[in-house]
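Heads up: the structure comes next, in structure tokens.
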Amino acid sequence: MDAISKVRMKVSVLLKLLVIVSAVVLVPTLGSQAWNLQNTLTHLVVPVAAVMDFFVTTDPKQLTARDVPYVTVPPILYAIYAGIGYVRGWEFAEGIHYPYFFLNWGSPAGAFGFTSELPFMGCAWWILALLLFLLFVGFAYLMLANGIHRMASKKGKKA
């Protein structure tokens, strides 16, 4: 198995999550400031380029469905890191002890609750939902990469 292909898949799936979190969290809270050069490069240009790189340069024969669950490892580690930071009182921003609203263990929803205000559901539910989303995207990327590879193979055979 090609380790580079596996890393590219993990990175591109995680960067897809970054784009979505940015669109849902960063843009609404920062307004026009969300579109400064740093945020645009970090949360839009680089993730889109990484996804394109994955589909253009990766040989899907090097990837299997068994590789997909590994896309959840970095977010699980990040959630643990953020949880430790919350418990220890680290400031991710001035006066804020969590990096994103859905990792605010002290919200009205807590860990497993639900509420009618942001974050609407507890951190554990958000983490579970994001991990399921990553698995879905990982399997979708694998299927799409295989489809692109098959189409390219057919065109190569006709030429």
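The values are calculated or read from the model by the stated rules, or taken from the named source; none is laboratory data. In this text the structure is predicted, and so the values were computed from the model without any measurement. When we count neighbours, we look across all protein chains shown, and the Cβ atoms used for this are built from the backbone with ideal geometry, even at glycine.
Before moving on, here are some points about what is shown:
- Enumeration of residues in the stretch 56-86 that are touching a residue at least 40 places away in the same chain (Cβ under 8 Å), of a type in the set (Val, Ile, Thr), over 18 Å from Leu128 (Cβ atoms) and in a helix (DSSP H, G or I): Thr57
- Boolean, Val48 is closer than 16 Å to Ala145 by Cα, at pLDDT 90 or above and among the aliphatic types (A, V, I, L, M): yes
- Matching entry among Ser12, Ser5, Ser22 (being within 19 Å of Leu134 (Cα to Cα) and in contact with a Ser or Thr (Cβ under 7 Å, 6 or more places away or on another chain)): Ser5
Yes/no per residue for (1) without any contact (Cβ under 8 Å) to a residue 12 or more places away in the chain; (2) in contact with a His (Cβ under 9 Å, 6 or more places away or on another chain); (3) not aromatic (Phe, Trp, Tyr):
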position	(1), (2), (3)
Leu118	no, no, yes
Ala129	yes, no, yes
Phe133	no, no, no
Phe139	no, no, no
His149	no, no, yes
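- Residue check, Pro75 of a type outside the set (S, T, N, Q) and within 25 Å of Leu144 (Cβ to Cβ): yes
- Single residue of the stretch 1-33 satisfying the filter (of a type in the set (Gly, Ala, Ser) and farther than 18 Å from Pro74 by Cα) that is surrounded by the most Cβ atoms within 10 Å (Cβ to Cβ): Ala23
- Test: residue in the stretch 117-131 that is farther than 30 Å from Arg8 by Cα, over 20 Å from the mean Cα position of the chain (by Cα) and in a helix (DSSP H, G or I): no
- Residue in the stretch 34-48 that is closer than 30 Å to Leu142 by Cβ, surrounded by 13 or more Cβ atoms within 10 Å (Cβ to Cβ) and small (Gly, Ala, Ser) present: no
- Cβ pairs under 6 Å, 6+ apart, first in the stretch 26-53 and closer than 12 Å to Leu15 by Cβ, second surrounded by 11 or more Cβ atoms within 10 Å (Cβ to Cβ) and among the hydrophobic types (A, V, I, L, M, F, W, C): Pro47/Leu15; Pro47/Leu18; Pro47/Val19; Ala50/Val11; Ala50/Leu15
- Among the residues of the stretch 85-107, at least one is polar (S, T, N, Q), at pLDDT below 95 and more than 27 Å from Phe54 (Cα to Cα).
- Options Val48, Val71, Val137, Val56; residue that is β-branched (Val, Ile, Thr) and more than 19 Å from the chain's Cα centre (by Cα): Val56
- The stretch 1-47, residues that are assigned to a helix (DSSP H, G or I) and among the polar types (S, T, N, Q): Ser5, Ser12, Ser22, Thr29, Ser32, Gln33, Gln38, Asn39, Thr40, Thr42
- Every pair of residues 6+ apart whose Cβ atoms lie under 9 Å, when the first sits in the stretch 1-23 and is farther than 25 Å from Ala34 by Cα while the second is part of a helix (DSSP H, G or I) and of a type in the set (Phe, Trp, Tyr): Ser5/Phe54; Lys6/Tyr70; Arg8/Phe54; Met9/Phe54; Met9/Tyr70; Met9/Tyr141; Lys10/Tyr70
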